[in-house]
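Take a look at the structure set out below.
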Amino acid sequence: MPEQQTAEEQTNPTEEVGTFLRGRREQIAQRWADAALFRTVFTVSREEAVEAGRAVVEALAAVAAAGRLEDAEADGFAVVREQLARTAHSRARSGATLAQISAEMDALRPPVNDLLLDELSAAPAEHVRKCTTALAVLMGTLRLVMMETAMSAGQELINRQRLEMLEIATPVIKLWEGIVAVPLIGTLDSARSQVVMETLLDAVVEQHARIAILDITGVPTVDSLVAQHLMKTVAAARLMGAECIVSGIRPAIAQTIVHLGIDLSSVLTRASLADALAYALQQQGAHIVPAPAGEPQ
């Protein structure tokens, strides 16, 4: 007859780690509350950090119980992904790099490992090794999940900041009653064109503008894509009841438009912002009279 297995040999290390995590959840959460990752995010109260730690430990226990130590998509992690995402967002907003977040995640393992060694103080060395290895794998998977959410949070932050910069770089100026202008500087791509259109249409509504001027003096080049964006903006402004003028078409840009065969015949254009403003004032019934020579300004 085969030799009967000892109790330690019959115990599955993964299941034992899951049982350990549930049994020591409170102690682990208390130690994690003082770790840099939780301490820097949950600054209102320590109990908030402890509660977040409990949720993460419970998720780890569920993953271990399911035997999916290396599966970042395990159901147990789904419960804390939102929590990890908020934590990653907070650290990203505070300026923490991915390397710093990774180091903070690594710092969570030693307190848990110490408690596990204390739990298994009377167990055979080989069994202890298997259990600590299982814990290391599990914590490594948690780190992977956290880094994925941190990268996602970082990309979202970059996208939001990029949109805010586009909005800042696309000011709408009220030149006169019923006349607004958008001076464009730099490259005009699809994302910025959308911001230009939305910003201009909002200004047309808020200012009750009858004339909108798009000044492209600061746009280095105009290709077919830029021309298409301009025409869409002009058409959208007309639908809102405003006449749109494109100004700042320099000789080089005019030649490029001709060579590309772009038809801007339906778009009202002027050579400069001053010319566009003069036309807009005339349309409003205003007359510009030069001051006589010699008179003080």
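Bear in mind these aren't lab numbers, they're just calculated from the coordinates by the rules spelled out. Remember, predicted model here, so these are calculated numbers, not experimental data. Neighbour counts run over all protein chains shown; Cβ positions are idealised from the backbone, glycine included.
Here the Debye sum runs over all C-alpha atoms of the chain as equal scatterers in vacuum, and log10 of I(q)/I(0) at q = 0.07, 0.14, 0.15 Å⁻¹ comes out as -0.52, -0.95, -1.03.
One equal scatterer on each Cα of the stretch 9-166, no solvent, Debye formula: the resulting log10 I(q)/I(0) at q = 0.09, 0.10, 0.17, 0.19 Å⁻¹ is -0.30, -0.37, -0.96, -1.15. Between 0 and 90 degrees, the angle of helix 46-65 with respect to the longest Cα principal axis of the chain falls at about 70 degrees. Of all DSSP-defined beta bridges confined to the chain, some 20% are antiparallel rather than parallel.
The charge dipole of the stretch 173-283, taken about its Cα centre with unit charges on the Cβ of Lys, Arg, Asp and Glu (plus for the first two, minus for the last two), comes to roughly 120 debye. Against the main long axis of the alpha-carbon atoms of the chain, helix 125-168 sits at an angle near 10°. Sorting the segments 130-136, 211-217, 254-260, 188-194 by their residues' average number of neighbouring beta-carbon atoms within 10 angstrom, most packed first, yields 211-217, 130-136, 188-194, 254-260. In the stretch 199-297, a dipole from Cβ-located charges (positive for Lys and Arg, negative for Asp and Glu) runs towards its positive end, and of S266, L214, I245 it is S266 whose Cα lies farthest in that direction. Coupling constants for the stretch 244-252 follow from the phi torsions by the Karplus curve (6.51 cos²θ - 1.76 cosθ + 1.60, θ = phi - 60°), and in residue order they are 10, 10, 9, 10, x, 7, 6, x, 5 Hz; glycine and proline get x. Amide H contacts of V246: L214, L268, T269, R270, each under 5 Å away and 5 or more positions distant or on a separate chain (H built 1.01 Å from N in the peptide plane; Pro and chain starts excluded). Note: relative contact order over the chain, using C-alpha pairs below 8 Å and six or more positions apart, is 13 percent. The label point for E47 and the one for A122, both projected 7 Å from the Cα toward the Cβ, are 3.7 nm apart.
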